[in-house]
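Novice: Pasting in a structure now, in structure tokens, and then I'll have a few things to ask.
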Amino acid sequence: MFTGKHHHTIDDNNRLAIPSSIRKCIDEKVEGKGFFVTPGLDGCLAIYSPLQFEEVANKLKQLKFTNQKARVFQRLFFSKSSGLVTCDKQGRIIVPQNLKEHAGLEKEVVIVGVMDKIEVWDLEQWNQFETEHEGNFEKDAEDLFQ
């Protein structure tokens, strides 16, 4: 399970260091080696282990092919997702340019552990997200856990 918030940078070669605390959460024998980088929701990127990516794909497979929203989402999600990317010796992955642009990533980013996935946010967008939503944290918890 991924948790925590980490401030990092993307270098000029689109390399992003995955924090060691996050890499240590992955049992490569169970979840596979490397990551799939995908468009995330709310303006971020989502990064999945191979096992988690397969679970997302299986959920999307169960959607009816006659449902136009399902077809559109599947097409966009898979066409924009990276193939398998692996960490170099420094624990960095290459973020594909199309995904970097999708999330508006410049240099400063925030890496957030969100249960089964890792999200990558532009620093300014993350700060705005936190500012907008932190005040509702307790009310949202109350609504969600009733």
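The values are calculated or read from the model by the stated rules, or taken from the named source; none is laboratory data. For clarity, every value in this text was computed on a predicted model and none was experimentally measured. Here the Cβ is made from the backbone with ideal geometry for all residues, glycine too, and neighbour counts use every protein chain on show.
Novice: Considering only residues of region 2-38 that are assigned to a strand (DSSP E or B) and hydroxyl-bearing (Ser, Thr, Tyr), which is surrounded by the fewest Cβ atoms within 10 Å (Cβ to Cβ)?
Specialist: Thr9
Novice: Please indicate, with yes or no, whether at least one residue in region 35-51 is charged (D, E, K, R) and within 14 Å of the chain's Cα centre (by Cα).
Specialist: yes
Novice: Okay, moving on. Tell me, which residue of region 39-54 that is part of a loop (DSSP other than H, G, I, E, B) and not charged (D, E, K, R) is surrounded by the fewest Cβ atoms within 10 Å (Cβ to Cβ)?
Specialist: The qualifying residue surrounded by the fewest Cβ atoms within 10 Å (Cβ to Cβ) is Leu41.
Novice: Return the only residue of Phe77, Phe73 being at pLDDT 95 or above and surrounded by 15 or more Cβ atoms within 10 Å (Cβ to Cβ).
Specialist: None of the other options fit; the residue is Phe77.
Novice: Go through Glu134, Glu106 for me and flag whichever is part of a loop (DSSP other than H, G, I, E, B), more than 20 Å from Ala57 (Cα to Cα) and modelled with pLDDT under 95.
Specialist: After applying the criteria, what remains is Glu106.
Novice: Can you run down the residue pairs with Cβ atoms below 6 Å, 6 or more apart or on separate chains, where the first is in region 52-63 and closer than 15 Å to Glu31 by Cβ and among the polar types (S, T, N, Q) and the partner is modelled with pLDDT of 95 or more and in a helix (DSSP H, G or I)?
Specialist: Close Cβ pairs (under 6 Å, with a partner that is modelled with pLDDT of 95 or more and in a helix (DSSP H, G or I)) do not exist here.
Novice: Pairs under 7 Å by beta carbon, first residue acidic (Asp, Glu) in region 98-122, partner not in a loop (DSSP other than H, G, I, E, B), six or more apart or different chains?
Specialist: Pairs that qualify, where the first residue is acidic (Asp, Glu) and the partner is not in a loop (DSSP other than H, G, I, E, B), are Glu106/Asp122; Glu108/Thr9; Glu108/Leu123; Asp116/Gln52; Glu119/Leu45; Glu119/Ala46; Glu119/Val112; Asp122/Val109.
Novice: If you don't mind, there's one more thing I want to ask. Just to be sure, is Lys64 over 15 Å from the mean Cα position of the chain (by Cα) and of a type in the set (D, E, K, R)?
Specialist: Answer is yes for this residue.
Novice: Suppose the filter is touching a His at 6+ places or on another chain (Cβ under 8 Å), closer than 18 Å to Gly34 by Cα, outside any helix (DSSP H, G or I) and of a type in the set (A, V, I, L, M); does Ile111 pass it?
Specialist: Yes.
Novice: Go through (1) more than 21 Å from Trp126 (Cα to Cα); (2) surrounded by 15 or more Cβ atoms within 10 Å (Cβ to Cβ); (3) in contact with a Pro (Cβ under 9 Å, 6 or more places away or on another chain) for Ile111 and report which single condition fails.
Specialist: The single condition Ile111 does not satisfy is (1).
Novice: Considering region 11-39 alone, what residues qualify as being polar (S, T, N, Q) and within 18 Å of Ile94 (Cα to Cα)?
Specialist: Asn13, Asn14, Ser20, Thr38
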